[in-house]
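What follows is one structure encoded as structure tokens, with my remarks underneath.
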Amino acid sequence: MPASARVWRRAELSVGQRAEVEFAIDAEQMAAFAALSGDYNPLHTDGAFAQAQGFAGPVVYGALLVAKVSRLIGMELPGRDSVWSSVALRFHAPLLVGETARVSGEIVALSAATGLLELKLALHAGARLLAKGKAEVLLVER
């Protein structure tokens with residue numbers, strides 16, 4: 001059963017508020033994503049090929065990192081009752097299968113009137129920056 005999403009109301013959110021999610025992508029998740037997306041690029045699916053290209057092993061799909069951004073937004077900050085209006089990431093370093101990583105988000109702008117907020121995003125594996133960017137999210141309160 002999936003975890004319950006946080007429920008924040010507009011009045012409870014503020015600039016500077018942060019959330020973080022730690023994760024690791026395993027071989028089973030990589031195989032499921034390859035089947036779902038149809039992307040069987042050997043850089044992601046073949047350890048020997050990835051090593052021949054200079055990596056220690058298969059490189060995690062960038063879209064799986066974006067999926068962790070989805071988890072952050074939909075489950076933590078701002079959580080339930082929110083929908084993306086945009087997301088942009090610039091990748092700086094690869095994540096390898098099995099490595100522990102974390103995605104963090106910080107509210108850098110918030111409109112109480114419209115419910116639109118901007119999150120500054122960062123993904124790290126240890127001290128290594130994997131990606132950074134931003135997301136715009138709309139709070140949908142009834």
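Among the residues here, Ala88 does not qualify as farther than 18 Å from Leu123 by Cα and either touching a residue at least 12 places away in the same chain (Cβ under 8 Å) or within 18 Å of the chain's Cα centre (by Cα) (or both).
Exactly one residue out of Ser86, Ser70 is modelled with pLDDT of 95 or more and assigned to a helix (DSSP H, G or I), and it is Ser70.
Counting only residues that are in contact with a Ser or Thr (Cβ under 8 Å, 6 or more places away or on another chain) and of a type in the set (A, V, I, L, M), which one in the range 35-74 is farthest from Glu22 (Cα to Cα)? Talk me through it step by step, then tell me what you get.
We begin by selecting, within the range 35-74, every residue in contact with a Ser or Thr (Cβ under 8 Å, 6 or more places away or on another chain); these are 58, 61, 63, 72-74.
Those left that are additionally of a type in the set (A, V, I, L, M): 63, 72-73.
Working: Ala63: 16, Leu72: 10, Ile73: 14 Å.
It comes out as Ala63.
Selection of the range 33-75 for residues being touching a helix residue (DSSP H, G or I) at 6+ places or on another chain (Cβ under 8 Å) and within 30 Å of Val137 (Cβ to Cβ) yields Phe33, Ala34, Ser37, Asp39, His44, Val59, Val60, Tyr61, Ala63, Leu64. Selection over the range 93-126 of residues that are within 21 Å of Leu64 (Cβ to Cβ) and either surrounded by fewer than 13 Cβ atoms within 10 Å (Cβ to Cβ) or hydrophobic (A, V, I, L, M, F, W, C) (or both) gives a count of 13. One residue stands out in the range 96-142 among those that are under 19 Å from Ser14 (Cα atoms) and part of a loop (DSSP other than H, G, I, E, B): the one that is modelled with the highest pLDDT, namely Ser111. Restricting attention to the range 24-63, the residues being assigned to a helix (DSSP H, G or I) and touching a strand residue (DSSP E or B) at 6+ places or on another chain (Cβ under 9 Å) number 4.
The values are calculated or read from the model by the stated rules, or taken from the named source; none is laboratory data. A quick note: this is a predicted structure, and the numbers were derived from the prediction, not measured. Every residue, glycine among them, receives a Cβ derived from its backbone with ideal geometry; neighbour counts consider all protein chains shown.
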